[in-house]
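Every number in this text was worked out from the coordinates using simple rules, so none of it is lab data. This is a predicted model, so every value here is computed, not measured. Cβ placement follows ideal geometry from the backbone for every residue including glycine, while neighbour counts extend to all protein chains displayed.
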Amino acid sequence: MINPGFKWIMVLEQEIAKLLKKKNLSLAVAESCTGGLLSHIITNVVGSSAYFDSSVVCYSKKSKIKLLGVPEQVIDTFGTVSAECAITMAKAVKRLRGTKIGLAVTGIAGPDLIENKPVGMVYIALSYGRKNYVERYRFKGKREEIKKQVAVAALKLLLNTLGSATI
C-alpha cells in the first residue's frame, strides 16, 4: 500500500517539477475518481505553470464522452473503470491540450460498487508520444484515503516514466 504522507507527496512534487522543467515537457491531466486532487498536488509547486497546462475533471460517464471525446463504445464495452478508458482519457487530454504528456486516473473511491467493480479498483494511464502506459491498482481505505493513494500512485507513475530513458 502506498503511504500518502505529506512529506512523501512533497518529495514527489519537487522531483516531478525538476524533471519536467529539465526535459522541457508539458503536462495535462484528466481526473475522474480523484476529483481534482491530483492537479491540486501538482500545482502546489511554485512555478508549476511552466510545465502544467490544465486539468479536466470528468467525473461522470457523460463528461468523459463530452469533454474528452471518449467513445461511448469504449465505455459500453469496457466500462469507465478500465485500462481502455484510462488510456483513452490520457491520450485525449494530451491531444486536446497540445501537451507532451497526458496523465489520467479513473476508478472507484467508494463507498459503492460501480459497474460491478470493487471499491478501490483504479486505472492510471500516461501517454507520451506514441507510448502509452497503464497500471491497475486495488486500494483499500475510506474514500478520502483512496483518493490520496490514487494521486500518489499517479505521481509515482509520472516520476518513474520521466526518470526512465524512454522520455
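In segment 115-122 there is at least one residue matching the filter, namely being in contact with a helix residue (DSSP H, G or I) (Cβ under 6 Å, 6 or more places away or on another chain), on the phi > 0 side of the Ramachandran plot and of a type outside the set (A, V, I, L, M).
Among the criteria (1) in contact with a helix residue (DSSP H, G or I) (Cβ under 9 Å, 6 or more places away or on another chain); (2) over 16 Å from residue 78 (Cβ atoms); (3) of a type in the set (Gly, Ala, Ser), the one residue 125 does not fulfil is (2). Of the residues making up segment 80-114, those that are hydroxyl-bearing (Ser, Thr, Tyr) and touching a helix residue (DSSP H, G or I) at 6+ places or on another chain (Cβ under 7 Å) are 80, 88, 106. Residues that are acidic (Asp, Glu) and farther than 16 Å from residue 104 by Cα do occur in segment 140-154, at least one of them.
Entry remark, segment 147-167: residues being out of contact with any Ser or Thr (no Cβ under 9 Å at 6 or more places or on another chain), surrounded by 12 or more Cβ atoms within 10 Å (Cβ to Cβ) and in contact (Cβ under 8 Å) with a residue 12 or more places away in the chain number 11 in total.
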